[in-house]
Each structure stands twice: as structure tokens, then as C-alpha cells.
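A.B. asks: So that we are looking at the same thing, I have put the structure below in C-alpha cells.
The values are calculated or read from the model by the stated rules, or taken from the named source; none is laboratory data. These numbers were taken from a predicted model, which means no experiment stands behind them. Every residue, glycine as well, gets a Cβ built from its backbone with ideal geometry; the counts of neighbours run over all protein chains shown. When the accessible area is computed, the model is the full protein with side chains, heavy atoms only, and any ligands, DNA or RNA have been set aside. Shrake-Rupley method; radii C 1.70, N 1.55, O 1.52, S 1.80 Å.
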Amino acid sequence: MNSIVSRALFACGLALMGSGAEAQRAARPDSTQVARRLIAVCGSNYGDKRTKCFQDSLNATARAGSVTAAISTLGVLTRLDPAIRKDDHLYAHSIGISAGSSGRPIAVVFAQCTVAFQSGCYHGVIESYFDRLRRVDSAAITRLCAPFRTDPAQRWILFQCVHGMGHGLTMFYQHDLRASLASCDRLPDDWERHSCYGGAFMENIVNATMPAHPSHGLGAHGSAGSAAAGNHSVHDAHAMSGKSTSSQPFRALDANDPLYPCSIMSERYLRACYEMQTSVMLYWNGGNVADAARTCERAPAAMRTLCHQSLGRDISSRTGQGYAESIRLCSLSAERFRPWCFIGLVKNFVDLNGRYSDGMRFCTELTRENDKMKCYEAVGEQIAALEAKETGRRAACSTAERSYVDVCLYGARVLASAPPALFRINEAAQR
């Protein structure tokens with residue numbers, strides 16, 4: 001987009017968005033006006049030029065401190081333009097990267113992000129933080145997400161922080177997955193470490209398969225500049241972990257092994273790896289869901305359900321959360337693994353905007369008992385992250401179909417014992 005037009009549009013956007021309480025009251029119509037102007041200016045472009053045109057304005061708004069306004073405008077754009085909706089998480093990442101580049105404290109910028117678009121804004125803020133660092137050490141890793149550890153109500157945000165850390169560490173070490181995982185190991189508990197691993201594996205895949213992702217501007221060629229990038233060294237991470245350094249660059253993917261990199265990972269990383277691995281399979285097989293489901297059955301026995309859960313997450317993205325097509329594609333999995341595909345699917349439905357009601361609505365569409373049981377259990381697990389108090393979890397699970405309230409409560413960690421039918425489903429999957 002012409003720079004003069006870009007500046008004029010950005011200025012118009014800020015004027016429309018306003019500030020303070022007045023902007024909050026008028027957020028919806030103002031965002032609609034800005035989005036329509038962006039469509040008029042950017043809509044005639046194609047490909048990367050079109051994407052950059054939208055990003056330039058949204059990012060400028062975020063850098064100026066109007067992060068919530070940028071997210072709100074993106075929300076309107078996704079309703080006006082299906083192509084933007086397809087890549088909404090990437091746009092939100094870009095908004096977060098721009099917001100984080102201001103150098104304001106993480107907690108301050110996080111307060112302006114939202115869970116919309118799979119929390120991409122939060123992840124971008126963390127990526128930007130690591131782009132500015134010259135060295136990662138244990139203190140920096142532990143300190144980053146500390147503001148969100150003390151309040152149980154911040155559990156969802158804490159996840160976004162440590163998951164984003166996995167992305168940021170992987171970029172910091174120039175996409176050496178071994179180095180980023182070693183740094184994740186410095187986090188204080190298993191839950192945080194696992195969440196960080198997930199971000200690292202996701203970034204490894206995104207970097208290899210999505211060349212237009214906004215995070216590619218960070219790291220060695222990012223805002224920190226080449227001097228700082230020289231310190232984004234694999235040797236730092238190996239020194240921290242006590243492992244010997246390797247002169248060989250890490251190979252992100254292997255066309256001859258659809259289970260790679262999981263196939264070379266230590267046991268402690270396997271769960272997080274297989275929760276993402278079908279994105280690799282679908283990349284290599286041209287989007288063949290049935291083939292990916294069969295490939296999951298070649299994974300180690302303990303990882304097969306997680307692999308099908310990963311497939312459900314990918315199906316959600318590919319269908320745009322369309323119910324009928326999502327159910328059809330998950331049904332391509334073998335019967336004993338099919339419920340886990342629905343777990344990944346429905347968890348992604350909730351992740352998109354942090355609303356458990358989106359998951360509840362989907363579960364009602366399923367007709368097979370095993371699928372419904374695991375669907376409601378999965379929604380309960382999401383509720384456990386969204387609702388800190390038991391009263392909130394009980395209230396949320398009460399909205400499930402009557403026969404599945406206890407399944408939801410078990411998933412939400414309110415009930416200690418699983419309904420007997422869940423044991424049978426789990427045992428069948430392990431045979």
C-alpha cells in the first residue's frame with residue numbers, strides 16, 4: 001500500500017477509534033467503519049501485497065497503543081472477508097508483535113490483548129519480547145510469566161504466556177528446536193514446561209510450512225537487528241542445559257518421515273510433539289485427512305490418541321469450524337480413535353475465542369455415545385482453564401446436556417472419579 005495512503009488511513013482509523021471510555025462505548029460501529037475503509041483500500045490487491053496492506057494498518061494501530069481497537073477491527077474484517085478469516089490467527093500474531101515492539105511491560109500489553117483468534121495477540125507479544133533480548137537465561141525465563149502465576153483466575157493467560165514463550169524461544173535460537181526445548185525445561189513445573197514445548201513445536205512447523213507468517217520478520221532479521229541476532233545462539237541454550245553443542249543445523253521436517261521430529265524426541269517431549277504432528281503429515285500428504293489418520297496409527301501406542309487429537313485441531317482450521325464437514329473428517333479415523341479427534345476439534349472451537357459455550361454447542365451435534373462423552377469431557381477440561389472457582393465450573397458444566405453434566409464436571413476437575421463409560425472408551429483406544 002502506498003505509504004501516504006497508509007498513513008492517511010491509519011490516522012483516519014485512530015480518529016474513528018477514539019480513546020478512553022468513549023472509544024469503548026463506540027467500539028463496534030467505529031471498528032466497522034475502519035474495517036470497511038480497509039476493505040476499500042486493500043481489497044483490490046492480491047496475495048502477499050493484500051495481506052501486507054491490511055497488516056500495515058492494523059499493526060500501526062497496535063504500535064500506537066490501541067491494541068484492543070486493532071483486534072476489534074480484525075474481528076469485523078473476518079466477517080467481511082472470508083480470506084482474512086482463514087488467516088485471522090496470523091493477523092492477530094502480527095498485531096501482538098507490533099504491540100510488543102513498544103517495549104511496554106508484558107502485563108500492560110497483555111491486558112490489551114484478547115483471547116480472540118486463538119490468542120494470537122498474546123503469542124505475538126511474547127515473540128516480540130524475545131526478539132529484543134540479547135541473551136536468555138533461567139532468570140529471564142522464570143520472570144517473564146511471573147505476573148500471571150499468583151492468581152488462579154489468570155490460568156488461561158498464563159498458558160498463553162508460556163505457550164508464546166515456546167514460540168519466542170524457538171525464534172530466538174534461529175529455529176533450533178533442541179535449544180528452545182532445553183530452555184523450556186527451565187520453567188518451574190510440568191504444566192508450564194509442557195505448554196512451552198507446545199509453542200516450540202508449533203513454531204517449528206509454522207516456520208517450515210508458512211513462509212508468510214508475520215513472525216518470520218523476527219529473530220535474525222528482526223527489530224533487534226543483526227548485532228543482537230548474533231547473540232541468538234544455540235550455544236547459549238546448550239550451555240544452560242549441560243548438553244554438548246552441535247555444529248549441525250536442526251532439520252525442522254523430514255519428507256521421508258511424517259512422524260519427524262517426534263520420532264527423534266526424548267520421551268518427555270513426545271506428548272507435546274504429537275499434539276501438533278498432524279500439521280506435518282497434512283503438509284506432506286497434500287491435506288489428505290484419511291492418510292493422516294492412518295499415519296497416526298504408526299505412532300508409539302501411547303501417543304496415538306494424542307495424534308488423533310492433533311488431527312481434530314487441524315480439521316477445525318481446515319473446515320473453518322463447519323460442523324458437518326468437521327464431523328465427516330473426524331469420522332475418517334478408526335472407531336477407537338475417533339473420539340480423540342473430536343477432543344482436538346472441540347478444544348480448538350473453545351480456544352478460538354475462549355468461550356466454552358462454543359464447545360457445548362458442538363457437542364450437541366454429535367450422535368455417537370463415545371464421541372459425545374469425550375467431547376463433553378474435553379469441554380470440561382477447557383472450562384477448568386477458563387474458570388478458577390468450582391462454582392464457576394459447576395455453573396458452566398450445568399449447560400451441558402443432562403446426561404453428560406457429570407462427564408463435563410470430571411473434565412473440569414470438579415469430580416475426582418470418571419463415569420465408568422469413560423474408562424471403557426479409554427481402554428478400547430489403548431488396545
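A.B. asks: Please work out which residue is least open to solvent (accessible area, probe 1.4 Å), limiting yourself to segment 114-129 and to residues that are in a helix (DSSP H, G or I), under 17 Å from Leu158 (Cβ atoms) and polar (S, T, N, Q).
C.D. replies: The selected residue is Ser119.
A.B. asks: Just to be sure, is Arg132 open to solvent by 10 Å² or more (accessible area, probe 1.4 Å), under 28 Å from Thr51 (Cβ atoms) and basic (Lys, Arg)?
C.D. replies: Against the criterion (open to solvent by 10 Å² or more (accessible area, probe 1.4 Å), under 28 Å from Thr51 (Cβ atoms) and basic (Lys, Arg)), Arg132 qualifies.
A.B. asks: Mind checking which pairs have a first residue in segment 151-165 that is closer than 15 Å to Val108 by Cα and a second that is in a helix (DSSP H, G or I) and among the hydrophobic types (A, V, I, L, M, F, W, C), Cβ under 6 Å, 6 or more apart or different chains?
C.D. replies: Between residues of segment 151-165 that are closer than 15 Å to Val108 by Cα and residues that are in a helix (DSSP H, G or I) and among the hydrophobic types (A, V, I, L, M, F, W, C), the close pairs are Gln154/Phe148; Ile157/Phe148; Leu158/Phe148; Cys161/Phe148.
A.B. asks: Report every pair of residues separated by at least 6 positions or lying on different chains whose Cβ atoms are under 9 Å apart, first residue within segment 89-113 and open to solvent by less than 30 Å² (accessible area, probe 1.4 Å), second modelled with pLDDT under 90 and among the charged types (D, E, K, R).
C.D. replies: Close Cβ pairs satisfying both conditions: His93/Glu127; Gly96/Glu127; Ile97/Glu127; Ile97/Asp131; Gly100/Glu127; Gly100/Asp131; Gly100/Arg132.
A.B. asks: If you take the residues of segment 158-199 that are assigned to a loop (DSSP other than H, G, I, E, B) and charged (D, E, K, R), which of them is farthest from Glu381 (Cα to Cα)?
C.D. replies: The qualifying residue farthest from Glu381 (Cα to Cα) is Asp176.
A.B. asks: Considering segment 388-406 alone, what residues qualify as being within 18 Å of Lys372 (Cβ to Cβ) and either among the β-branched types (Val, Ile, Thr) or surrounded by fewer than 15 Cβ atoms within 10 Å (Cβ to Cβ) (or both)? Working first, answer last.
C.D. replies: So in segment 388-406, the residues within 18 Å of Lys372 (Cβ to Cβ) come out as 396-406.
Within segment 388-406, Ser398, Thr399, Glu401, Arg402, Ser403, Val405 meet the criteria.
A.B. asks: Hey, another quick one. Does Thr305 fit the bill of being within 25 Å of Arg193 (Cβ to Cβ), open to solvent by 10 Å² or more (accessible area, probe 1.4 Å) and touching a residue at least 24 places away in the same chain (Cβ under 8 Å)?
C.D. replies: Considered against the rule, which asks whether it is within 25 Å of Arg193 (Cβ to Cβ), open to solvent by 10 Å² or more (accessible area, probe 1.4 Å) and touching a residue at least 24 places away in the same chain (Cβ under 8 Å), Thr305 comes out as yes.
A.B. asks: Next up: List every residue pair whose Cβ atoms lie under 9 Å apart, where the two residues are 6 or more positions apart in sequence or sit on different chains, the first residue falls within segment 118-146 and is at positive phi, and the second residue, located anywhere, is not in a helix (DSSP H, G or I).
C.D. replies: Qualifying pairs under 9 Å: Ser119/Cys113; Ser119/Gly354.
A.B. asks: Inside segment 314-339, can you point out the residues that are in a helix (DSSP H, G or I) and in contact with a Lys or Arg (Cβ under 7 Å, 6 or more places away or on another chain)? Write out each step before concluding.
C.D. replies: Of all residues in segment 314-339, those in a helix (DSSP H, G or I) come to 314-319, 323-330, 338-339.
Cys330, Pro339 - these are the residues of segment 314-339 that are in a helix (DSSP H, G or I) and in contact with a Lys or Arg (Cβ under 7 Å, 6 or more places away or on another chain).
A.B. asks: Could you please tell me which pairs satisfy a Cβ distance under 7 Å, a separation of 6+ or placement on different chains, a first residue in segment 407-431 that is open to solvent by less than 20 Å² (accessible area, probe 1.4 Å), and a second residue that is among the polar types (S, T, N, Q)?
C.D. replies: The qualifying pairs are Ile425/Asn370; Ala429/Thr305.
A.B. asks: Please go through segment 395-431 and give me each residue that is assigned to a helix (DSSP H, G or I) and of a type in the set (Gly, Ala, Ser), ordered by number.
C.D. replies: Pass one, segment 395-431, residues assigned to a helix (DSSP H, G or I): 395-397, 402-411, 420-430.
If the condition is that a residue be assigned to a helix (DSSP H, G or I) and of a type in the set (Gly, Ala, Ser), then Ala395, Ala396, Ser403, Gly411, Ala421, Ala428, Ala429 are the ones that fit.
A.B. asks: Is one or more of the residues making up segment 306-328 over 24 Å from Asp358 (Cβ atoms), of a type in the set (Lys, Arg) and modelled with pLDDT of 95 or more?
C.D. replies: Among the residues of segment 306-328, not one is over 24 Å from Asp358 (Cβ atoms), of a type in the set (Lys, Arg) and modelled with pLDDT of 95 or more, which makes the answer no.
A.B. asks: To continue, here is another question. Kindly provide the set of residues from segment 311-364 that are in contact with a Phe, Trp or Tyr (Cβ under 7 Å, 6 or more places away or on another chain) and farther than 22 Å from Ala385 by Cα, ordered by number.
C.D. replies: Passing the criteria: Tyr323, Cys330.
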